[in-house]
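S.K.: To start, I am sharing the structure in question, which I have written as structure tokens.
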Amino acid sequence: MDTRGLWASPDRCCGCGACAARCPRGAIRLREGADGFVFPEVNESLCVDCGLCKRVCGLQNARALQTSGPWYAASLRGDSSLSASGGAFFALARAVVSMGGVVFGAAYMRDDGRLSVRHVMTEDEAGLSSLQGSKYVQSDAGACFPEVERELRAGREVLFSGTPCQVAGLKGYLGRDWTNLVTVDLVCHGVPSEVMFHGLVAALERRYGKRVVDLRFRCKHGGWGHSMLLVRLRPFGETSTCDDEDVQIQASDFTYYDLFLRRMILRDSCYACPFASPIRPGDLTVGDFWGVEDNRPDVLLDGRFDVERGISCLLVNNMHGREALERFGRDLDLCEVEFEDIAKGNDQLRHPSTKPTDRELYLTTFRDGDWNSVEALWRRRERGVRYRVREAAKRVLPKGVRRFFKHLISR
Ligand SMILES: Cc1cc2nc3c(=O)[nH]c(=O)nc-3n(C[C@H](O)[C@H](O)[C@H](O)COP(=O)(O)OP(=O)(O)OC[C@H]3O[C@@H](n4cnc5c(N)ncnc54)[C@H](O)[C@@H]3O)c2cc1C
């Protein structure tokens, strides 16, 4: 793979695609590496060595600043059931489109018959529902950067949301500030590759004998958290929505989700992410306010915030973000907190994900085999007798007794 020094090691490239989108000769394309993650590849016969691709790289040039505050617990006033946490993104995005602006975010698409995640533009409230909810896989964002620029040049208000590295990539691509652009980055612990995500979709389609047309990683029917997936299924060959069926499944039943949550199959750059910190590329940051009950119980007292429905954290990172919140935050309930109150329950605001020792084993298994080999390994290692005993104990033994046994075993 010819990279012309675009990245020295895999952890120096986040795959956002800013370099490919900016190349004036169309000499760069993103290509899947052996582990399924995409990296830019340079076509030497087209490249004129202008160096623009290196200058626009958001990860290596870290276009970001220390968050200035204020910081909030935030919750959408109204129904946030389609959102992963408190619906902060939707509240901001709805205000933008209602004022004639456009919003860019990640949505499911069908590419070559397969479910994938791409950044798309929407300009009305109905279109926002496809952007709501976390899709826990790398989204293809770079392809929409020229569209963002076009809308900005046309003078429209633009909200761009995505992972911090995607926001940094967009800023690198644009190369200058725009007063009509608001960027919202996510607190993010990392992304698996699209190829691995296809493994999850294939496993679901095998289990149900139907096509997966939508997948909500953070279904809130059982409350705010990571326990349930909501999958929309459609008979193969059917195009109408008439026979669609929704099923809820336990997140822990699925290899992909379990490995994702345990940081086992993330991109190399995620373990060295400069934005897993108070240094933020976005004007605003949204995430989950994990641990709010313990770290700021007072937030829950006045009845505006409900842990069952989910509570967002909202970081205002600079003056532009402060103005954006004033203009677009009218549908948000806010309660000011300290940055530390949020960071205490959210490691991703303090340091990048730690690379687990088993990661290499899983990636090698994937590289040498396919997703089915990863599933077989996971079942052997993670769902064997020890796991079943632990789960059975969880169901029948009270927490205190479990803690006593755990203590006894660890001695
Ligand atoms: C890969 C990933 C890892 C995350 N890790 C953490 C974490 O460790 N801690 C934490 O507090 N929060 C994390 N989040 C953020 C969290 O899941 C919610 O997205 C966030 O709290 C916003 O929720 P919301 O209720 O405001 O809006 P929602 O409606 O849930 O959020 C939708 C927003 O997420 C964006 N989005 C969804 N999927 C993707 C994707 N694949 N790539 C880029 N943008 C996407 C959409 O464009 C939209 O802006 C992560 C999100 C992703 C996508």
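S.K.: Run the simple label-point estimate for residue 403 and residue 61 please: 7 Å along Cα→C-beta, distance reported in nm.
M.R.: So the label points at residue 403 and residue 61 sit 5.2 nm apart.
S.K.: For region 357-410, what number results from the quotient of the Cα radius of gyration and 2.2 N^0.38 Å?
M.R.: Region 357-410 yields a ratio of 1.54.
S.K.: Another question, then. Within 10 Å of each candidate Cβ there may be at most 12 other Cβ atoms; applying that plus a DSSP loop requirement, which trypsin sites (Lys or Arg not before Pro) in region 27-105 survive?
M.R.: Loop-located and lightly packed - 77.
S.K.: Could you give P(r) for the chain, binned at 20 Å from zero, as whole percent values over all Cα-Cα pairs?
M.R.: Bins of 20 Å from zero give 25, 59, 16, 0 percent of pairs.
S.K.: How much length is gained if the chain between residue 110 and residue 79 is pulled fully straight, taking 0.36 nm per residue apart and subtracting their Cα-Cα distance, in nm to one decimal?
M.R.: 8.4 nm
S.K.: Here's another thing I want to ask about it. Choose one of 397, 387, 362: the residue whose Cα lies farthest towards the positive end of the charge dipole of region 357-410 (beta-carbon charges +1 Lys, Arg; -1 Asp, Glu; about the Cα centre).
M.R.: The residue sitting farthest along the positive end of the dipole is 397.
S.K.: Run the simple label-point estimate for residue 214 and residue 250 please: 7 Å along Cα→C-beta, distance reported in nm.
M.R.: 2.6
S.K.: Taking amide hydrogens as modeled 1.01 Å from N in the peptide plane, which residues meet the under 5 Å criterion relative to residue 213, leaving out close sequence neighbours?
M.R.: Amide H neighbours of residue 213, under 5 Å, 5+ apart: 232, 233, 234.
S.K.: Go through region 378-385 residue by residue and turn each phi into a ³J(HN,Hα) via Karplus (6.51, -1.76, 1.60, θ = phi - 60°); whole Hz please, and just put x for glycine and proline.
M.R.: 4, 4, 5, 7, 10, 10, x, 4
S.K.: Under 20 Å from the 7 Å Cα→Cβ point of residue 394, by amide nitrogen: which residues of region 264-291?
M.R.: Of the residues in region 264-291, 264-265, 290-291 have backbone N under 20 Å from the label point off residue 394.
S.K.: Just round it to a whole percent: the fraction of Cα-Cα distances in region 10-55 exceeding 14 Å. Kindly include the intermediate steps, with their values, before the conclusion.
M.R.: On the way: 463 of 1035 pairs.
Percent of Cα pairs beyond 14 Å in region 10-55: 45.
S.K.: What's the exposure ranking of 256, 362, going from fewest to most Cβ atoms within 10 Å?
M.R.: 362, 256
S.K.: Another question about this same structure. Computed FRET efficiency, Cβ-Cβ of residue 32 and residue 298, R0 41 Å: what is it to the nearest 0.05?
M.R.: Calculated transfer efficiency: 0.25.
S.K.: Where nothing but the Cβ of Lys and Arg (+1) and of Asp and Glu (-1) is charged, how large is the charge dipole of region 43-169 around its Cα centre, in debye to the nearest 20? Don't skip to the end; give the middle numbers.
M.R.: Values: 12 positive and 13 negative charges, 58 e Å.
Dipole of region 43-169, to the nearest 20 debye: 280 debye.
S.K.: Take the chain, mark every one of the GluC sites (Glu not before Pro) that falls in a DSSP loop and has at most 16 other Cβ within 10 Å, then report the longest stretch left between them, sites excluded.
M.R.: With GluC sites (Glu not before Pro) excluded where exposed in loops, the chain gives 124-237 as its longest stretch.
S.K.: For residue 381 and residue 239 in the same chain, what is the full-extension length gain: residue separation times 0.36 nm, less their Cα-Cα distance, in nm? Please list the in-between numbers first.
M.R.: Working: separation 142, 0.36 × 142 = 51.12 nm, distance 3.93 nm.
Fully extending the segment from residue 381 to residue 239 adds 47.2 nm.
S.K.: Output needed for region 157-260: three equivalent-ellipsoid semi-axes, defined as square roots of 5 times the C-alpha gyration tensor eigenvalues, in descending order, whole Å.
M.R.: 32, 17, 14
S.K.: Determine ³J(HN,Hα), in whole Hz, for all residues of region 323-329 in sequence, where each value follows from phi through the Karplus function 6.51 cos²θ - 1.76 cosθ + 1.60 and θ = phi - 60°; x replaces Gly and Pro.
M.R.: 5, 4, 5, 4, 7, 10, x
Where a number appears in this text, it was derived from the coordinates with a stated rule and is not lab data. As the structure is a computational prediction, the values presented were derived from the model and not from experiment. Neighbour counts are summed over all protein chains in view; Cβ atoms, including those assigned to glycine, are modelled from backbone coordinates with ideal geometry.
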